[in-house]
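Student: I am attaching a structure below and will ask some questions about it afterwards.
The values are calculated or read from the model by the stated rules, or taken from the named source; none is laboratory data. Small disclaimer: the values here were computed from a predicted structure and weren't measured. In this analysis, Cβ positions are derived from the backbone assuming ideal geometry, glycine residues included, and neighbour counts consider all displayed protein chains.
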Amino acid sequence: MHGVRKIIVWIFAFNAIVCFFIASRHIADRFHVSLSLHSLRPFVVPVVFSFLAIVFGMAWWTTWRERPFARAWGTVASLINFVIPLLRLIFFSRSNWNGAAIVIAVGIAGLIAFLWPNEERFATDDSELERDNT
């Protein structure tokens, strides 16, 4: 599973870059359009995509650097990859399964990879048992 995590982590990096680009693009567009402070609608897309960029970026960085919370960040990012395309298909467009199915599959693979128990932990437990028996 460690190898699958290393592949999926680069998908998270790509997602973070795309989400950051979308958020920055919408922020730049808002400076050219007169904004009414009475409406928060123009700020929804930049805030949501900034949040997604942070989650995907943290999932990439913590997994790549093998930080303690890597599994948690990877699980959240994989859950986002699974849930958002599924909700989009349910509520907005039932006909575009091609791209959404790929992202959903990546989300499921990520959930399996990050929720799968650590192999290293079990290897350590087995060696401790052998040492205790001798």
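Student: Before we move on, is residue 46 loosely packed, with under 13 Cβ neighbours inside 10 Å and either among the acidic types (Asp, Glu) or without any contact (Cβ under 8 Å) to a residue 40 or more places away in the chain (or both)?
Tutor: Taking the combined requirement at face value, the residue does not satisfy it.
Student: Starting from region 60-75, take each residue that is touching a residue at least 12 places away in the same chain (Cβ under 8 Å) and list its partners that are surrounded by fewer than 15 Cβ atoms within 10 Å (Cβ to Cβ) and not in a loop (DSSP other than H, G, I, E, B), counting only C-beta distances under 7 angstrom and pairs at least six apart or across chains.
Tutor: Between residues of region 60-75 that are touching a residue at least 12 places away in the same chain (Cβ under 8 Å) and residues that are surrounded by fewer than 15 Cβ atoms within 10 Å (Cβ to Cβ) and not in a loop (DSSP other than H, G, I, E, B), the close pairs are 75/115.
Student: Turning to a different aspect of this structure: Out of the residues in region 65-92 that are more than 13 Å from residue 114 (Cα to Cα) and among the aromatic types (Phe, Trp, Tyr), state the one that is modelled with the lowest pLDDT.
Tutor: Only one residue tops the list, namely 92.
Student: Residues that are over 16 Å from residue 10 (Cα atoms) and among the basic types (Lys, Arg): does region 80-93 have at least one?
Tutor: Among the residues of region 80-93, at least one is over 16 Å from residue 10 (Cα atoms) and among the basic types (Lys, Arg), which makes the answer yes.
Student: Under 9 Å by Cβ, and 6 or more places apart or on different chains, what pairs join a residue from region 12-40 that is on the phi > 0 side of the Ramachandran plot with one that is at pLDDT below 90 and exposed (fewer than 11 other Cβ atoms within 10 Å of the Cβ)?
Tutor: Taking only residues 6 or more apart or on different chains, not a single pair turns up.
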